[in-house]
Amino acid sequence: MNRKTLRIAALLLVLVMSALMFAGCGQKADSNGDGAKKYTIYSDKAFPPFEYLDEESGEYVGLDMDILAAVAKDQGFEYEVKNEGFDPAMTAVQTGQADGMIAGMTIKPEREETFDFSDGYFEDGSILVVAADSSISSEADLQGAKVAAKTGTVSADYTESIKDKYGLTITYFEDSPSMYQAVMTGAAVACFEDFSVIGWAIKNDGTSLKTVGDVVNPGYYGFAVKKGENAELLELFNAGLANIKKSGEYDKLLAKYGY
Ligand code: GLN
């Protein structure tokens, strides 16, 4: 090799290396270089059957995770999920860290001031939860009680709405399992939780709790984005949801979790 060819070879090497570096930089927003955006979706971390850690695989699984995967496949978009907890997910959407969230999140007017919601995909509501051996048989029995609540939830809102009426003392928890734990150990006498979620915990996780009475605030879960932003992601979600409902896939996913 003479000097000139060496110089050309070196120049080519530099060109190839910088091209590779640029490809690497683009990886985050466009993982496979096809120009598609990769959405960041936040979720709860311990809210079975909607999202929970599967110990064996080390992956987050659940109905929300399955619905999101089916919708994304149907609409051909890419995403990554961060299972950080419910309140952190709402904050992440509001600060723009997340493009959207799916977390068994109830659509309600107060939230519509700061979020845009998809069409509803599952109906649920809060119910009173006490220790399996508790003598509490109605909300009125909560008079003067210490109750547990999960930060930012509609159940926490409901608990606050009856706080003065029953003279409640409320202690807040960041996730559902810690809230259940407080009721099971007697640190709190009750909490409110989404009916399907506490039902799942009692039936499948052997949680020694029971529900009292009926659902107090029925509503629908929706996928959410920050108000006025990510409209295209919301449209993709709605279109995908409609398609998987039509194709029967949505019903199959519900059946997988016993609904
Ligand atoms: N559905 C309830 C809410 O929207 C609880 C959600 C959750 O804890 N992940 O507030």
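The values are calculated or read from the model by the stated rules, or taken from the named source; none is laboratory data. What you are looking at is a predicted structure, and each value in this text was computed from that prediction instead of being measured. Cβ placement follows ideal geometry from the backbone for every residue including glycine, while neighbour counts extend to all protein chains displayed.
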Practice task
Can you work out which of the residues in the range 202-239 that are small (Gly, Ala, Ser) and assigned to a loop (DSSP other than H, G, I, E, B) is surrounded by the fewest Cβ atoms within 10 Å (Cβ to Cβ)?
Solution key: Gly206
Practice task
Filter the range 57-79 down to residues that are without any contact (Cβ under 8 Å) to a residue 12 or more places away in the chain, part of a helix (DSSP H, G or I) and among the acidic types (Asp, Glu), then give me how many there are.
Solution key: 0
Exercise for the section: Would you be able to tell me the number of residues in the range 151-189 that are within 16 Å of the ligand (Cβ to nearest atom), closer than 23 Å to Asp133 by Cβ and either surrounded by 18 or more Cβ atoms within 10 Å (Cβ to Cβ) or touching a residue at least 40 places away in the same chain (Cβ under 8 Å) (or both)? Expected result: 9
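Go through Gly104, Gly120, Gly144 for me and flag whichever is closer than 22 Å to Ala69 by Cβ, surrounded by fewer than 19 Cβ atoms within 10 Å (Cβ to Cβ) and of a type outside the set (D, E, K, R). Break it down stepwise before answering.
Working: Gly104 fails: surrounded by fewer than 19 Cβ atoms within 10 Å (Cβ to Cβ); Gly144 fails: closer than 22 Å to Ala69 by Cβ.
After applying the criteria, what remains is Gly120.
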Practice task
Among the residues of the range 86-117, write down those that are assigned to a loop (DSSP other than H, G, I, E, B) and within 21 Å of Pro48 (Cα to Cα).
Solution key: Ile102, Ala103, Gly104, Met105, Ile107
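Residue check: is Glu84 in contact (Cβ under 8 Å) with a residue 24 or more places away in the chain and away from the ligand (no atom under 13 Å from the Cβ)? Reasoning before the result, please.
Working: in contact (Cβ under 8 Å) with a residue 24 or more places away in the chain: yes; away from the ligand (no atom under 13 Å from the Cβ): no.
Considered against the rule, which asks whether it is in contact (Cβ under 8 Å) with a residue 24 or more places away in the chain and away from the ligand (no atom under 13 Å from the Cβ), Glu84 comes out as no.
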Exercise for the section: State whether one or more residues within the range 163-172 are closer than 17 Å to Asp194 by Cα, among the aromatic types (Phe, Trp, Tyr), outside any loop (DSSP other than H, G, I, E, B) and in contact with a Ser or Thr (Cβ under 7 Å, 6 or more places away or on another chain). Expected result: yes
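Suppose we keep only residues that are part of a loop (DSSP other than H, G, I, E, B) and in contact with a Phe, Trp or Tyr (Cβ under 8 Å, 6 or more places away or on another chain) within the range 120-133. Which one would you say is farthest from Leu253 (Cα to Cα)?
Within the range 120-133, the first condition is being part of a loop (DSSP other than H, G, I, E, B), and the residues that meet it are 120-121, 125, 132-133.
Keeping just the survivors that are in contact with a Phe, Trp or Tyr (Cβ under 8 Å, 6 or more places away or on another chain) gives 120-121, 125.
Numbers: Gly120: 16, Tyr121: 12, Gly125: 20 Å.
My answer is Gly125.
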Exercise for the section: Restrict the check to the range 120-139 and report whether at least one residue is within 13 Å of the ligand (Cβ to nearest atom) and without any contact (Cβ under 8 Å) to a residue 60 or more places away in the chain. Expected result: no
Handout entry: Flag for Gly120 being of a type outside the set (Val, Ile, Thr) and on the phi > 0 side of the Ramachandran plot
Key = no
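Between Ala92, Ala36, which is touching a residue at least 40 places away in the same chain (Cβ under 8 Å), more than 14 Å from Phe237 (Cα to Cα) and either under 10 Å from the mean Cα position of the chain (by Cα) or within 15 Å of the ligand (Cβ to nearest atom) (or both)?
Working: Ala36 fails: either under 10 Å from the mean Cα position of the chain (by Cα) or within 15 Å of the ligand (Cβ to nearest atom) (or both).
None of the others qualify; the one that does is Ala92.
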Practice task
Could you tell me whether Glu112 is within 13 Å of the ligand (Cβ to nearest atom), of a type outside the set (Gly, Ala, Ser) and either out of contact with any Ser or Thr (no Cβ under 6 Å at 6 or more places or on another chain) or modelled with pLDDT of 95 or more (or both)?
Solution key: yes
Handout entry: Residue ID - surrounded by the most Cβ atoms within 10 Å (Cβ to Cβ), chosen from residues in the range 240-254 that are touching a residue at least 12 places away in the same chain (Cβ under 8 Å) and under 11 Å from Val71 (Cβ atoms)
Key = Gly240
Fill in the blank from the handout: Every listed condition ((1) modelled with pLDDT of 95 or more; (2) more than 19 Å from the chain's Cα centre (by Cα); (3) among the hydroxyl-bearing types (Ser, Thr, Tyr)) holds for Thr207 save (1)
Practice task
Please give the number of the condition Phe77 fails out of (1) away from the ligand (no atom under 12 Å from the Cβ); (2) under 25 Å from Ala201 (Cβ atoms); (3) aromatic (Phe, Trp, Tyr).
Solution key: (2)
